[in-house]
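The values are calculated or read from the model by the stated rules, or taken from the named source; none is laboratory data. This is a predicted model, so every value here is computed, not measured. Reconstructed Cβ throughout: ideal geometry from the backbone, glycine too, with neighbour counts over all protein chains shown. Quick note on the areas: whole protein, heavy atoms, side chains included, nothing else; ligands and nucleic acids left out. Shrake-Rupley method; radii C 1.70, N 1.55, O 1.52, S 1.80 Å.
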Amino acid sequence: MLEEEAEVSKTAHDGHGDHSGDNGHGDHGGMHEGHEQMFRRRFFISTLLSIPVLLYSETLQEWLGFSVPAFPGSEWINPVFAVIVFAYGGIPFLQMAVPELRDRSPGMMTLISMAITVAFVYSLASVVFPTQSAFFWELVTLIDIMLLGHWIEMRSVRRASSALDELAKLMPDTAERITESGDTEEVPVNQLEEGDLVLVRPGASVPADGVVEEGDSDVNEAMITGESKPVSKAPGDEVIGGTVNGDGSLRVRIDATGDETTLAGIMRLVEDAQQSKSKTQMLADRAAGWLFYVALGAAVVTAVSWTVAISFNAEVIERVVTVLVIACPHALGLAIPLVVAINTSLAARNGMLIRDRIAMEQARELDTIIFDKTGTLTEGEQGVVDIETVEGVTEEEALGLAAAVEADSEHMIAEAIREAANERDVASPRAADFEAIKGRGVRARVDGQSVHVGGPNLLSTLESEVPDQLRTFAERSGENARTVVYLIRDGELTAAFALADVIREESYHVVDALHELGIEVAMLTGDSEDVANAVADELGIDTVFAEVLPEDKDEKVQELQERGNLVAMVGDGVNDAPALTRADIGIAIGSGTDVAVQSADIILVQNNPTDVVRLVKLSKASYRKMQENLVWAAGYNVFAIPLAAGVLAPIGILLSPAVGALLMSLSTVIVAINAQFLRRVDLELPSLPGVSASERPQPAD
């Protein structure tokens with residue numbers, strides 16, 4: 001077990017200082033979970049082993065006024081248990097310091113390693129060459145608290161699974177290949193070759209890219225293109241591997257397999273975008289790097305000064321060791337992890353799951369947020385947005401008739417009409433003799449009347465004359481990129497329904513609020529320019545990218561980044577995955593596909609884009625709290641290191657190791673208390689102009 005843990009600890013540094021892989025991709029989810037378990041186990045075992053060291057510390061006994069019974073060999077308790085704690089709990093930090101030293105960029109691991117190594121060596125030497133004091137209890141408590149800090153840190157960034165694994169799950173494992181004799185045989189998808197003919201049954205996934213040779217059906221391509229409306233497929237039309245077939249049966253001639261498919265291309269984009277993340281170190285790492293050089297400099301100055309003053313002896317060594325040990329405050333190890341833990345809890349209770357702490361820090365500086373249209377700014381499903389009727393027919397009557405005819409249809413438009421009738425509490429009469437007219441609409445008999453519902457193709461078939469008011473309504477709806485279906489009763493056109501992807505009510509609020517915060521709002525969509533501009537005009541969006549393919553979404557994000565913008569992407573579909581990963585901050589709507597969630601840095605669990613505003617506010621508050629904690633932690637050093645070095649020794653003031661340890665503990669307490677004040681951050685949205693009240697923000701646990 002020790003060898004396995006040591007192997008884990010060798011890579012733990014990457015999760016601490018290099019966040020290029022901190023997006024939950026590839027096998028990083030398992031890596032962070034392994035780090036968390038390793039630090040957790042070592043913290044509890046090391047803390048348990050530290051208890052005898054604390055009990056038999058003469059300094060603590062004197063301070064706290066207690067004593068423990070001595071027995072033959074009790075003088076070896078401190079050195080023996082301290083060695084065990086160092087070997088078990090301290091070695092991982094030494095291993096993680098190696099990459100920092102190799103890169104010549106000392107950080108937290110180097111500072112911790114220096115402090116515990118110096119304290120360890122000096123304390124062991126004091127057993128052989130008795131000195132005024134040893135650092136056994138300081139050594140074990142320093143290791144324990146650093147293990148606690150890293151356990152908290154790893155727990156806050158643990159990931160669930162890989163985005164690439166989620167993408168791969170879209171592809172079926174097997175396909176039904178049609179043989180030369182016309183029979184079908186089930187084969188693994190990886191055995192398909194270009195030119196094979198496959199059968200795609202209703203409800204099945206298309207196994208690879210190809211062209212329809214026979215059959216008609218509607219295919220759901222939302223997971224690839226982001227288009228909410230199923231796309232009709234007929235002979236000659238292309239289909240994409242991983243999309244889901246509708247009610248019809250298709251025979252598809254494969255023209256791309258394996259790495260050549262559209263889905264494989266998206267997977268490559270996700271992987272490339274992951275690898276393009278820039279290396280960003282934690283604030284504590286940078287502060288630790290500075291303190292490392294400060295401590296070395298102070299130690300050299302201390303050694304030279306005291307040697308000149310009193311000549312080189314054991315007291316000079318003790319003074320140098322004190323400086324180096326005090327240079328690593330417990331507080332610095334907890335300054336960031338405590339804030340991250342509270343931040344993560346507070347965010348989760350308010351509908352935000354933070355997968356990348358760096359993304360949370362950066363959110364405070366966002367100047368551009370890109371929203372995917374379908375399923376993010378809109379509901380992602382068709383809805384009746386307007387109705388026009390001829391004279392003598394009410395909207396409720398027309399809607400009731402249409403809902404009656406569409407009662408047995410599973411088409412998206414039928415669902416939208418039925419939903420509209422339910423919302424208005426319109427009673428639908430009973431229909432009979434239902435018939436679907438392929439590519440045109442549906443027909444049924446209602447109260448003895450022949451009633452049709454369908455689009456323009458239905459009008460051509462029935463040769464129906466369109467009244468002027470309905471023609472005007474259709475033209476106006478077309479300009480707004482809305483789909484129009486008609487109601488025909490006994491051959492007479494009586495009503496028209498305009499359908500569109502319904503805009504979320506929250507979308508109006510979030511765009512207004514972000515504008516008030518000085519953040520530009522952009523929109524990406526695969527829909528036509530008419531549809532995109534209609535939604536953008538309605539919401540007041542600044543920049544629109546329409547008719548964008550999945551790979552182009554990635555490029556649009558990069559284009560904004562090249563202008564110097566800090567860009568966030570908000571989306572919910574597989575086609576958004578490359579853009580979510582490429583963006584400085586990827587934000588997934590929680591109701592979206594698993595791959596979108598796994599590609600994102602932050603997940604809006606409550607499916608509410610307004611939480612993007614809360615994210616920015618929480619980011620600002622959390623970053624401010626991190627800065628305050630670093631000031632407290634570093635302030636300890638500014639005060640303690642000079643005193644430990646002996647700058648005030650001429651006037652009789654000299655910081656002893658024991659008092660230095662007390663100040664170290666006080667600094668840790670202050671940092672812990674200050675972090676708790678983050679729970680009071682105001683996430684109320686009504687305080688932002690243009691944003692109506694929503695669910696009241698919840699405090700952290």
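So the values come out like this:
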{"read-out": "q = 0.18 Å⁻¹, the range 428-513: log10 I(q)/I(0) [Debye, one scatterer per Cα]", "value": "-0.81"}
{"read-out": "Principal axis dimensions, the range 490-550 - Cα atoms, whole angstrom, descending", "value": "56, 27, 15"}
{"read-out": "Per residue solvent-accessible surface (Å²) - the range 447-542, probe of 1.4 Å", "value": "44 Å²"}
{"read-out": "Heavy atoms of Phe434: accessible area, 1.4 Å probe, square angstrom to 10", "value": "80 Å²"}
{"read-out": "Rounded to the nearest 10 Å², the accessible area of Ile116 at probe 1.4 Å", "value": "0 Å²"}
{"read-out": "Ranking by accessible area, most exposed first, for Ser249, Ser507 with a 1.4 Å probe", "value": "Ser249, Ser507"}
{"read-out": "Within-12-Å neighbourhood charge of Ala534 [Cβ basis; K, R +1; D, E -1]", "value": "-4"}
{"read-out": "Anisotropy class of the range 404-563 from Cα gyration tensor, a/c 1.5 cut", "value": "prolate"}
{"read-out": "Exposure ranking of Trp632, Trp306 by accessible area [1.4 Å probe, largest first]", "value": "Trp632, Trp306"}
{"read-out": "Binned Cα-Cα distances of the range 371-464, short to long, each 5 Å bin given as a whole percent", "value": "2, 14, 20, 24, 21, 10, 5, 3, 1, 0"}
{"read-out": "Solvent-accessible surface (1.4 angstrom probe) belonging to Asp259, in square angstrom, nearest 10", "value": "110 Å²"}
{"read-out": "Using distinct alpha-carbon pairs, which all enter the 1/r mean, Kirkwood radius of the range 356-422 in Å", "value": "15.3 Å"}
{"read-out": "Calculated P(r) tail over 22 Å for the range 310-438, as whole % of Cα pairs", "value": "68 percent"}
{"read-out": "Cβ-defined net charge surrounding Ile116, 12 Å radius [Lys, Arg +1; Asp, Glu -1]", "value": "-2"}
{"read-out": "Protein accessible area in the range 332-434, 1.4 Å probe - carbon and sulfur %", "value": "41 percent"}
